[in-house]
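Below is one structure, written out as structure tokens, with a few remarks after it.
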Amino acid sequence: MFVTKAWAAETASGEAPAEATHSETGVAHGAEGGSFPPFDPTSFASQLLWLALTFGLFFLLMRNIVVPRISSILEVRRDRISRDLDEAQRLKEESDAAIAAYEQELTEARNAAHKIGQEARDKAKAEADASRHEVESELNAKIAESEKQVAAIKAKALGEVDTIAADTVQAIVSEILGVNTTKADAAKAVSSSAK
């Protein structure tokens, strides 16, 4: 497309053309080698014009379209980050408040449990003391009753000692001496020996 028919024919024959012309650009290339177009001093004015136009269009494009879009995106992100940080701070404050409430309720529950435990211990101790006092009073009453019965039995036994002693003396005297004594004589002999 950029190569002319003459160039193609000369290249095919193997000969280098003395001067080739691009059909599209119209720039003549000679054997002297020519210079690279951006460095050609004859085209500096047009290059500077096109540079200024291109830079101006690029500047307007950036200023009116690209920078506002980027600014709006950055503003949206900044707002979103700000909202997210505010939300995070609010949630942190709520969680701190919830933790404080939880710890307060936990402390109150521990105190209530301690109080209930102490009341239960005091109640159990009071019931045990009452039960012990009741059992002790029953035992003391039984002991007192038993002591009364023992005292009565002892008194009865002591009251019958003289009778038993008199009977024993009467039996011994009649067995050993072979003499029959009366109960009154035996009782008189026992009471005289006790004095």
Scan Arg77, Arg83 and give me the residue that is under 32 Å from the mean Cα position of the chain (by Cα), more than 30 Å from Pro38 (Cα to Cα) and surrounded by 10 or more Cβ atoms within 10 Å (Cβ to Cβ). Arg83
Options Thr21, Thr11; residue that is at pLDDT 50 or above and of a type in the set (S, T, N, Q): Thr11
Breaking point among (1) touching a residue at least 24 places away in the same chain (Cβ under 8 Å); (2) exposed (fewer than 10 other Cβ atoms within 10 Å of the Cβ), for Gly178: (1)
State whether the residues of the range 40-49 include one that is in contact with a strand residue (DSSP E or B) (Cβ under 6 Å, 6 or more places away or on another chain), surrounded by 10 or more Cβ atoms within 10 Å (Cβ to Cβ), modelled with pLDDT under 95 and not hydrophobic (A, V, I, L, M, F, W, C). no
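In the list Ala52, Ala128, which residue meets the criterion of being under 30 Å from Pro38 (Cα atoms) and surrounded by 10 or more Cβ atoms within 10 Å (Cβ to Cβ)?
None of the other options fit; the residue is Ala52.
A quick yes/no check of all residues on (1) among the aliphatic types (A, V, I, L, M); (2) part of a helix (DSSP H, G or I):
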| position | (1), (2) |
| --- | --- |
| Arg83 | no, yes |
| Lys123 | no, yes |
| Lys142 | no, yes |
| Lys154 | no, yes |
| Ala157 | yes, yes |
| Val179 | yes, no |
State whether one or more residues within the range 108-115 are at negative phi, under 18 Å from the mean Cα position of the chain (by Cα) and not basic (Lys, Arg). yes
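The values are calculated or read from the model by the stated rules, or taken from the named source; none is laboratory data. Source: prediction; values computed, not measured. Here Cβ is always computed from backbone atoms with ideal geometry, including for glycine, and neighbour counts include all displayed protein chains.
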